């Protein structure tokens, strides 16, 4: 299938606070193909989570509001859907897992109940027994040992990594077409992170689920994603297949990001090259390119005009920069 | 001790010597509040840190790495074992002498938001140690604070601002300035960059390295991020469930890990290189870290280890020098 699963066009999500309007997501455009794993990377406050929440229409209003653009999922604009239509969509066609597995489960219900609840909400023809069977099946699928017994346990009886597996089980219970994972392994230790990533990769391949993986860890992106969007200050500044992001980064921010991470296969004497300064205040972003104040290659044009995403002549790679590498 | 080529700052003498360090926290229960069990957070740690070097201490959450750092500084009273700083035994020192010793050993904390008093200006925060130790009159202290701020890359013009006016990276610089105020010889840095974004993280790591060269500091660098630890440390100690399982020069640890846990840990780190990622063979450990209240018998890694034999369940493997300067606690290393 060549049709795009998700098309986000000129999305603008602003937060109206007492300190001013925070342009958390400002004119973001990207597409996701069926079954593709898209990585969204960037530092805290760059708008990656707000982009995901906008796709789910979960931005808290007030203070947040989607003020412009469109989000087409299977050709339908999500922004025009009613609340009822949205509830039908969430959990069945688009699911989300969150960063914090400790607080995203309800402590007073068994995990089996919480999985069954999702299944029953979206399939009216299913009996309680069948829904429970599906719970046990899902727990087995996410490799929880002894799923029959564990389905009757409460969230506090599981460790962090296991709770994140339960979240994945809930998210995948209705075979969604799109799974949004917002920093799914940030709260987990590396060995547990490896388990969870391996599981997500396997399941998305098995069921052909497209995954939007939001993370700040470039290593996670390298191992799991096919395509990468790099975000900075509410904008997508570069978008490319994963190999190109790491081998021929075009935007100076992507270059800076890659240079500032310590690597295992480097000698100790190599010095890190940090990005000078700090990300801009989004209530008062700089005119022109948002990265201009920190950019080593800045020219006077960068301070006046904001560059759009443009092809840089290497296949699908695009970057929002007047002077790409 | 052999002098190493290319690292002149390493003078080779031991500054910090830790032997058999144990920290057990009681779990109280029942109406009488008696101790019903012990959390064995640190259970027999041996390590030494040479003057001028950085020893990295890595491990997953709950392995006891932060507790080890704090117990070395006597911020937590160790249950057993010995800690020597420059030949002086700290565990038996009376508290007033410990306080004097704190001028020589300082700490940088993980959370740049929680570790600075919101009601103090940064000038007050950085000058507090100087005043506690009566280092000079008000004018001298003021000058010293200005210099300290400059050293950590902050404009001294900001002395009268409060911590909330600074970003995470800047706050961590303030915490470092405070730790440097008394010109200590030894600093325990407990996850100093894990709350920071990568671009800011690199700034703080470079700063820590510069300061080490400038003031001849010795660091115990506690972190869970192995790439960061490798970058900054000469030697690395890997902890698992309250014990050091491997201790080696950072290159040899990363190139040839001997302990199965270290091997699994290294293979689990995602590497920012898609080619390498697709070729790597990953060791995925089964299950979770066991509870330190009731750790497994023998080698406490045996329930998750693919090499475990009968002996691993019964005998605790000691931390031994398996290769030159490469220590591992395993019955079947390699």
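The values are calculated or read from the model by the stated rules, or taken from the named source; none is laboratory data. What you are looking at is a predicted structure, and each value in this text was computed from that prediction instead of being measured. Neighbour counts run over all protein chains shown; Cβ positions are idealised from the backbone, glycine included.
For the range B:198-205, the criterion of being in contact with a strand residue (DSSP E or B) (Cβ under 6 Å, 6 or more places away or on another chain) and either in contact (Cβ under 8 Å) with a residue 12 or more places away in the chain or over 23 Å from residue B:69 (Cα atoms) (or both) is met by no residue. Which of the residues belonging to the range A:39-74 are assigned to a strand (DSSP E or B) and either free of Cβ contacts under 8 Å to residues at least 24 places away in the same chain or within 14 Å of chain B (Cβ to nearest Cβ) (or both)? Scanning the range A:39-74 gives A:39, A:41. Does at least one position in the range A:174-193 carry a residue that is modelled with pLDDT of 90 or more, over 17 Å from the mean Cα position of the chain (by Cα) and in a helix (DSSP H, G or I)? Looking for residues that are modelled with pLDDT of 90 or more, over 17 Å from the mean Cα position of the chain (by Cα) and in a helix (DSSP H, G or I), one finds none in the range A:174-193, hence no. On the stretch given as the range B:103-115, residues that are in a strand (DSSP E or B) and without any contact (Cβ under 8 Å) to a residue 60 or more places away in the chain total 0.
Criterion first (touching a helix residue (DSSP H, G or I) at 6+ places or on another chain (Cβ under 6 Å) and within 17 Å of residue A:271 (Cβ to Cβ)) does residue B:187 satisfy it? No, not satisfied. In this structure, does residue B:196 turn out to be within 14 Å of another protein chain (Cβ to nearest Cβ), within 30 Å of residue B:271 (Cβ to Cβ) and part of a loop (DSSP other than H, G, I, E, B)? Spelling it out, residue B:196 is indeed within 14 Å of another protein chain (Cβ to nearest Cβ), within 30 Å of residue B:271 (Cβ to Cβ) and part of a loop (DSSP other than H, G, I, E, B). Just one of (1) surrounded by fewer than 17 Cβ atoms within 10 Å (Cβ to Cβ); (2) closer than 23 Å to residue A:208 by Cβ fails for residue A:148. It is (2).
Residues in the range A:94-110 that are over 17 Å from residue A:138 (Cβ atoms), modelled with pLDDT of 90 or more and surrounded by fewer than 17 Cβ atoms within 10 Å (Cβ to Cβ): A:107, A:108.
Per this entry, residue A:164 is not counted among residues that are more than 30 Å from residue A:129 (Cβ to Cβ) and either in contact (Cβ under 8 Å) with a residue 24 or more places away in the chain or not in a helix (DSSP H, G or I) (or both). Only one of the numbered conditions (1) over 28 Å from residue A:278 (Cα atoms); (2) outside any helix (DSSP H, G or I) is violated by residue B:100, and that is (2). Scanning the range B:116-140 for residues that are closer than 25 Å to residue B:204 by Cβ and assigned to a helix (DSSP H, G or I) yields B:122, B:123, B:124, B:125, B:126, B:127, B:128, B:129, B:130. Give the residue, chosen from B:129, B:118, that is more than 19 Å from the chain's Cα centre (by Cα) and buried (at least 18 other Cβ atoms within 10 Å of the Cβ). So the residue among B:129, B:118 that is more than 19 Å from the chain's Cα centre (by Cα) and buried (at least 18 other Cβ atoms within 10 Å of the Cβ) is B:129. What's the number of the condition residue B:90 fails, among (1) under 21 Å from the mean Cα position of the chain (by Cα); (2) surrounded by fewer than 15 Cβ atoms within 10 Å (Cβ to Cβ)? The failed condition is (2). Residues that are within 17 Å of residue A:38 (Cα to Cα), facing chain B (nearest Cβ under 8 Å) and either touching a strand residue (DSSP E or B) at 6+ places or on another chain (Cβ under 8 Å) or touching a residue at least 12 places away in the same chain (Cβ under 8 Å) (or both) within the range A:191-202 comprise just one, A:197.
Table: residues versus (1) modelled with pLDDT of 90 or more; (2) closer than 16 Å to residue A:173 by Cα; (3) surrounded by 14 or more Cβ atoms within 10 Å (Cβ to Cβ).
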site: A:50; (1), (2), (3): yes, no, yes
site: A:60; (1), (2), (3): no, no, no
site: A:66; (1), (2), (3): yes, no, yes
site: A:72; (1), (2), (3): yes, no, yes
site: A:112; (1), (2), (3): yes, yes, yes
site: A:131; (1), (2), (3): yes, yes, yes
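Residues are listed down the side, and each one gets a yes or a no for (1) under 22 Å from residue A:187 (Cβ atoms); (2) crowded, with 18+ Cβ neighbours inside 10 Å; (3) more than 14 Å from every other protein chain (Cβ to nearest Cβ):
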position	(1), (2), (3)
B:29	no, no, yes
B:33	no, no, yes
B:38	no, no, yes
B:41	yes, yes, yes
B:52	no, yes, yes
B:59	yes, yes, no
B:68	no, yes, yes
